[in-house]
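A quick write-up on the structure given underneath.
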Amino acid sequence: QVQLVESGGGLVQPGGSLILSCAASGIAFRLYTMNWYRQPPGKQRELVAASLSGGGTNYADSVKGRFTISRDNAKNTVYLQMNSLKPEDTAVYYCNAKGILQAWGQGTQVTVSS
């Protein structure tokens, strides 16, 4: 059974930082591209960052220079370090695994507000 469990969301002031974690089980983690998506209130889900199975990363233009995706294949975990957070970063953040199978986490709320 594939399972992705996110953690680390919460309320943060503008300019602050958060780190999200996603622990995966039931997949050959190192063979999967791991993604972070987000869905702002009233908007469509969008890709934020990707950690490719073969190495390398991609970012949405809106988060380049502020967010960093990383992975620990030994721990089957992917992280999203978010710095210089803005109110427009407020969203539910979802972990996604893409490979032979595709799986989604349950989402974690990130709210950026003073």
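Residues in the stretch 1-17 include at least one that is of a type outside the set (Lys, Arg), under 14 Å from residue 104 (Cα atoms), over 15 Å from the mean Cα position of the chain (by Cα) and modelled with pLDDT under 95. Residues in the stretch 71-98 that are assigned to a loop (DSSP other than H, G, I, E, B) and at negative phi: 73, 74, 75, 83, 85, 86, 90.
The criterion of being within 11 Å of the chain's Cα centre (by Cα) and under 20 Å from residue 4 (Cβ atoms) does not hold for residue 53. Residue-level check: of (1) free of Cβ contacts under 8 Å to residues at least 12 places away in the same chain; (2) touching a Ser or Thr at 6+ places or on another chain (Cβ under 9 Å); (3) not β-branched (Val, Ile, Thr), residue 44 misses just (2). The set of residues in the stretch 58-78 that are open to solvent by less than 60 Å² (accessible area, probe 1.4 Å) and touching an Asp or Glu at 6+ places or on another chain (Cβ under 9 Å) comprises 60, 63, 66, 67, 78. Within the stretch 29-57, the set of residues being in a loop (DSSP other than H, G, I, E, B), modelled with pLDDT of 95 or more and open to solvent by less than 50 Å² (accessible area, probe 1.4 Å) comprises 32, 40, 56. Picking from residues in the stretch 1-28 that are in contact with a Leu (Cβ under 9 Å, 6 or more places away or on another chain), in a strand (DSSP E or B) and among the β-branched types (Val, Ile, Thr), the one that is surrounded by the most Cβ atoms within 10 Å (Cβ to Cβ) is 12.
What number goes with the only condition from (1) touching a Ser or Thr at 6+ places or on another chain (Cβ under 9 Å); (2) open to solvent by 60 Å² or more (accessible area, probe 1.4 Å); (3) outside any strand (DSSP E or B) that residue 114 does not pass? Single failed check for residue 114: (1). Looking across the stretch 58-80, the residues that are of a type outside the set (Ser, Thr, Tyr) and either at pLDDT below 95 or under 20 Å from residue 91 (Cβ atoms) (or both) come down to 58, 60, 61, 63, 64, 65, 66, 67, 69, 78, 80.
The values are calculated or read from the model by the stated rules, or taken from the named source; none is laboratory data. Since we're looking at a predicted model, the values are computed, not measured. FYI the Cβ positions are ideal-geometry reconstructions off the backbone, even for glycines, and counts take in every protein chain you see. Side chains included, ligands, DNA and RNA excluded: accessible areas come from the protein's heavy atoms. Shrake-Rupley method; radii C 1.70, N 1.55, O 1.52, S 1.80 Å.
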